[in-house]
Amino acid sequence: MNEHYPFVNPPLPYAYNALEPFIDTKTMCLHHDRHLQTYVDNLNETLKGWDDLQDWSLEKLILNADCLPEVIRQSIKNNGGGVYNHIFYFNGMSDLRSRNNAGMLFSAILDDFGSIDSFFQEFKDKALSVFGSGYAWLVLDRNHGLKLVTSANQDTPIVKNLCPIATIDVWEHAYYLKHYNQRAAYIEDWFQVVDWCYANKLYRNYISGCE
Ligand SMILES: [Fe+2]
C-alpha cells in the first residue's frame, strides 16, 4: 500500500479461496473488497484538502490522531485504524498450515503461556470477551513480554505502545456468512489459518529492533 495519501487497498497476499474451508471465499471477497475498501476510501476522503497531512504515513496518522484537528480526529481514528487493522489481519493469515513453524515465537509462547493449548484457550477467551465489534491481539510489550489484549471498534494497540504480532477480527462481518453468530467456531477456524511464520517474523523484528 502507499506510504501516505492517497492510500490504496493492497491485494490479498493469497487467493480469495485460499483459506477454505475455514474462512469462506465470499466472506474474504466482501471483507477485503468492500469493508477494507470503504475504510481506505473514507480515510482518503477525510484527508482531502488537508495538504500538510498528505505525506504522513498511516502509523503516523494513527499515533498522532489525538493532536489532529477535532473535525477529522475521529474519522482518522476510525478509518485509519480500519485500514491498519484489516491489512494486519489479512496479512496474518495464509494457507501454508504454518502452525508448527513459529520458530522463536513458539518458544516465547511456551515461556509466557505454559503450553500451546493454554495459549490457544487464552486467545480464544480473549477474542470471545470482546463485546460488540473489535479485535483480539497477541502483542509484545516494551518488556519483551507476550500479552493478549483486545481493542474496541477500530482502535489499535500501537497507540498503547504495544507491538502487534497476530490479530483476529471479531466484527461480525468477518464470520457471519459462514459461522452465523458462532464466534467461537470462527475463532477455532481462524487458528487453522494463522500464518505463524509471518507472526514469528514480526516477533523477531521487534526483538532485534529493541536490542
Ligand atoms: Fe473486518
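For region 152-177, the tally of residues that are open to solvent by 20 Å² or more (accessible area, probe 1.4 Å), part of a helix (DSSP H, G or I) and either under 21 Å from Pro13 (Cβ atoms) or more than 16 Å from the ligand (Cβ to nearest atom) (or both) stands at 4.
If you check Ile109, Ile87 for being open to solvent by less than 40 Å² (accessible area, probe 1.4 Å), outside the structural domain of Trp190 (by TED's automatic domain parsing) and not charged (D, E, K, R), only one passes: Ile87. For region 29-128, give me every one of the helices (runs of 4 or more DSSP H) that falls completely inside it and has 3 or more residues that are within 15 Å of the ligand (Cβ to nearest atom) and touching a Pro at 6+ places or on another chain (Cβ under 8 Å). Qualifying helices (runs of 4 or more DSSP H): 81-91. The condition of being free of Cβ contacts under 8 Å to residues at least 40 places away in the same chain and more than 18 Å from the chain's Cα centre (by Cα) holds for only one of Leu110, Leu96, that being Leu110.
Residue pairs whose Cβ atoms lie under 7 Å apart, separated by 6 or more positions or on different chains, with the first residue in region 191-211 and within 20 Å of Arg142 (Cβ to Cβ) and the second open to solvent by less than 60 Å² (accessible area, probe 1.4 Å) and not hydrophobic (A, V, I, L, M, F, W, C), are Ala199/Gly92; Asn200/Gly103.
Could you list all residues from region 1-36 that are acidic (Asp, Glu) and modelled with pLDDT under 95?
Glu3
The values are calculated or read from the model by the stated rules, or taken from the named source; none is laboratory data. Keep in mind it's a predicted model, so treat the numbers as computed, not measured. Neighbour counts run over all protein chains shown; Cβ positions are idealised from the backbone, glycine included. Accessible surface is based on the protein model in full, side chains and every heavy atom, while ligands, DNA and RNA are left aside. Shrake-Rupley method; radii C 1.70, N 1.55, O 1.52, S 1.80 Å.
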